[in-house]
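All remarks here apply to the structure that follows.
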Amino acid sequence: MKIINFGSINIDHVYEVEHFVQPGETLNSESYTVFGGGKGANQSISLARAKAKVLHAGQVGEDGIWLKEKLQKSGVDTSLIKTVDTPTGHAVIQVNKDGENAIIIHGGANRTLSDDTIDEVLKSAQNQDFLLLQNETNAVESILLKSKDKNLTVIFNPAPLTDAIKNYPLELVDIFILNEIEAQTLTNENSTDAILHAMQKLYPKSRIILTLGKSGVIYADNTRQIKVPALKVKAIDTTGAGDTFIGYFLAELSRGSEIKKCLEMGVKASALCVTRKGAADSIPKLEEITAF
């Protein structure tokens, strides 16, 4: 069983700052670093480092060929990545002294997916493969619709959350993985119990993974809930923590592991991730998780 990740590939420009810049303020950064990133690419690297079989489908410009090579070196199958005329997507990331981040994204090549490209990617999908999607590319609605009759397990991480998401055919999603803010926006609820109830009412056939930061993570379906607490670590940079969780959770799920073990692996991996700088570069390898 393989995982096809139809996702973004970005160049991340990371600035360490005392605090997030305010309106009208000019702020000196304490450091500047360029990393490979994008939610899609981060999740593919996490999947590969967790020893899953992952194919990344996406697009870069000529300025992003090094990102494709980086994915390859991490163990990702990059045969479905196209090089196009549009510049590669990029992100401007502020990281404050508490390790929290604020991010501006420019979609670039990620936002120019065509129907022909989608069809070509889905031809490589086989019965019961996983299809992983985020919301940093265009054509998510089209991908969902085109995957409808493929008998795939469709996983959707609705980030960044936009108004358009509510118009997607979300009933086709088998597994939602989302954080508390995304879930609040999607359901118009605030408490965890109310969010889970609303999600199950809206999408009764779907499984829900709700990440709660320092409070851990909750899995819910129509028959049960499972909660796994977060691990206490000193956070340096939270960029990529959610993507790391998703990769390790899905890698375990694709191997047929029980849900609790999948959640625990995701929590361990994301805890180790936040003790390091960067997004893709901070994602741990499976051997490190075992030792951790």
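Every number here is computed from the coordinates shown, using simple stated rules; none is lab data. What you see is a predicted model; the values in this text were computed from it and never measured. With ideal geometry, Cβ positions are generated from the backbone for all residues, glycine too; neighbour counts draw on all protein chains shown.
When only alpha carbons are used to place a centre, region 203-222 and region 74-102 end up 26 Å from one another.
Remark on residue 276: its backbone amide H falls under 5 Å from those of 236, 237, a criterion applied only to residues 5 or more positions apart or on other chains, H modelled at 1.01 Å from N. Based on DSSP H segments of at least four residues, each scored -39500 (n - 2.57), the chain has a per-residue ellipticity at 222 nm of -9000 deg cm²/dmol.
Given springs between every Cα pair under 10 Å in a Gaussian network model of the chain, which of 71, 161, 202 has the largest fluctuation? Largest GNM mean-square fluctuation: 202.
For region 3-291, averaging the sequence separation of C-alpha pairs within contact (under 8 Å, six or more residues apart) and dividing by the residue count gives a relative contact order of 18 percent. Shown is the FRET efficiency for residue 258 and residue 69, computed with R0 = 41 Å from the Cβ-Cβ distance and rounded to the nearest 0.05: 0.70. When each of the peptides 247-254, 41-48 is scored by the mean number of other C-beta atoms lying within 10 Å of its residues, the order from highest to lowest reads 41-48, 247-254.
Between residue 96 and residue 292, the contour length at 0.36 nm per residue exceeds the alpha carbon distance by 68.0 nm.
Label point 7 Å out from residue 167 along Cα-to-Cβ: which residues of region 97-132 have amide N under 16 Å? Within reach of a label on residue 167, which here means backbone N under 16 Å from a point 7 Å along Cα→Cβ, region 97-132 contributes nothing. A P(r) calculated from all alpha carbon pairs of region 164-292, with 10 Å bins opening at zero, reads 13, 43, 33, 11, 0 percent.
Close amide-amide hydrogen proximity is noted between residue 58 and 81, 82, each under 5 Å apart and 5 or more residues distant or on a separate chain (H modeled in the peptide plane; Pro and chain starts excluded).
The Cβ shell under 12 Å around residue 183 holds other residues with a net charge of -4, Lys and Arg each +1, Asp and Glu each -1. Residue by residue, region 140-151 carries 3J(HN,Hα) couplings of 4, 4, 5, 4, 4, 5, 5, 8, 3, 9, 8, 6 Hz when phi is fed to the Karplus relation 6.51 cos²θ - 1.76 cosθ + 1.60 (θ = phi - 60°); x denotes Gly or Pro. Close amide H pairs (under 5 Å, H built 1.01 Å from N) link residue 138 with 111, 112, 113, residues at least 5 positions away or on another chain.
Working from Cα pairs under 8 Å separated by at least six residues, relative contact order for region 1-150 is 30 percent.
Using the Karplus relation 6.51 cos²θ - 1.76 cosθ + 1.60 with θ = phi - 60°, the per-residue 3J(HN,Hα) values for region 28-35 come to 6, 8, 7, 7, 9, 9, 10, 10 Hz, with x marking Gly and Pro. Starting from the Cα of residue 27, step 7 Å toward the Cβ, then list every residue of region 205-245 with an amide N under 20 Å from that point. Within reach of a label on residue 27, which here means backbone N under 20 Å from a point 7 Å along Cα→Cβ, region 205-245 contributes 235-241. Beyond 26 Å in Cα-Cα separation lie the following of the pairs 205/234; 2/146; 201/232; 39/261: 205/234; 201/232. Using only alpha-carbon positions in region 241-292, the gyration tensor eigenvalues give semi-axes of 18, 10, 9 Å once each is multiplied by 5 and square-rooted (largest first).
For a test of the definition: using alpha carbon positions, the gyration tensor, and the 1.5 limit on a/c, classify region 74-205 as rounded, prolate or oblate. Judged from the Cα gyration tensor, region 74-205 comes out oblate (a/c at least 1.5, b/c at or above a/b). In a simple Cβ point-charge model (Lys, Arg +1; Asp, Glu -1; nothing else charged), region 3-291 has a dipole of about 1020 debye relative to its Cα centre.
With all pairs of separate Cα atoms included, the chain yields a Kirkwood hydrodynamic radius of 19.1 Å.
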